[in-house]
Amino acid sequence: MPRISNDRRDRVRRAIIDAAADCFADKGFAATSISEICAAANMSVGGIYRHFAGKDELVDAVSEAILTPVIEVLDAAAHGPDVLDTAEVIDLLHNTLLQCAPGSVPRLTVGQFWAEQLRDPAFPGSRQELGTALRTALTRLVVRANPDALEPERLTAALMAIGMGVFLSQSIVDTETSTRELIDAISVLLRHGHPPT
């Protein structure tokens, strides 16, 4: 049997990852079967298993395909010439997710990835390295914009919380409002939203 080239192997793996991402976005990680991924990828079960040991490995591959480009872009921005503010970091994060996420429905894929972390407590643990790399990249950007911050990790956690909320808002609730407008509105709420004492 002729050996396939690394380039062809990479293309086949990417096609499987894209098909799996579409299935995961449609039905969730737990409810998607290998046979459904095979049908979406137009491959046999044996063809899938030549590239991936099983569904867990495919979930890992989809997770890596979602987060690796984001981490690379954020790292590059942290070492670039410009200091990014909160809205710019969130836009960079979201635009990279939408451009690079596998499958044809990246918003659903990313949303499903977040939702799965709520459904399955073990899910983030198995992808801890990627999550740590993402937080590290964001913390570098936070420290660069706020060099005197005493607790940059707390600012990073707040940035991630705001970023997730903005992403879901722009995906589901209000597709017209820009990140900058949402951040400005959040700032107003934080300045004036305290209950009277």
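Quick look at the values:
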read-out: Residue within the stretch 172-185 that is of a type outside the set (Asp, Glu), out of contact with any strand residue (DSSP E or B) (no Cβ under 6 Å at 6 or more places or on another chain), surrounded by fewer than 11 Cβ atoms within 10 Å (Cβ to Cβ) and at pLDDT 90 or above present; value: no
read-out: Complete set of residues in the stretch 112-129 that are open to solvent by 40 Å² or more (accessible area, probe 1.4 Å), modelled with pLDDT under 75 and among the charged types (D, E, K, R); value: Arg119, Asp120
read-out: Of all residues in the stretch 81-94 being assigned to a helix (DSSP H, G or I) and open to solvent by 40 Å² or more (accessible area, probe 1.4 Å), the one that is farthest from Ala15 (Cα to Cα); value: Thr86
read-out: Sole residue being at pLDDT below 90, crowded, with 18+ Cβ neighbours inside 10 Å and not hydroxyl-bearing (Ser, Thr, Tyr), chosen from Leu155, Leu159, Leu97; value: Leu97
read-out: Near pairs, Cβ below 8 angstrom, 6+ apart or cross-chain, from the stretch 6-29 (farther than 15 Å from Val105 by Cβ and modelled with pLDDT of 90 or more) to any residue that is assigned to a helix (DSSP H, G or I) and of a type in the set (Val, Ile, Thr); value: Ile16/Ile37; Ile16/Ile48
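Each row is one residue, and each column tells you yes or no for (1) open to solvent by 70 Å² or more (accessible area, probe 1.4 Å); (2) part of a helix (DSSP H, G or I).
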residue	(1), (2)
Arg9	yes, yes
Arg13	yes, yes
Ala19	no, yes
Cys23	no, yes
Cys38	no, yes
Phe52	no, no
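Let's see how each residue does on (1) modelled with pLDDT of 90 or more; (2) closer than 21 Å to Ile17 by Cα:
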{"site": "Val89", "(1), (2)": "yes, no"}
{"site": "Pro106", "(1), (2)": "no, yes"}
{"site": "Val110", "(1), (2)": "no, yes"}
{"site": "Gly131", "(1), (2)": "no, yes"}
{"site": "Ala137", "(1), (2)": "yes, no"}
{"site": "Gly165", "(1), (2)": "no, no"}
{"site": "Pro196", "(1), (2)": "no, no"}
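The values are calculated or read from the model by the stated rules, or taken from the named source; none is laboratory data. Note that this is a predicted model, so its numbers are computed, not measured. Ideal geometry is used to build each Cβ from the backbone, glycine not excepted, and the neighbour counts take in all protein chains shown. Accessible surface areas use protein heavy atoms only, side chains included; no ligands, DNA or RNA. Shrake-Rupley method; radii C 1.70, N 1.55, O 1.52, S 1.80 Å.
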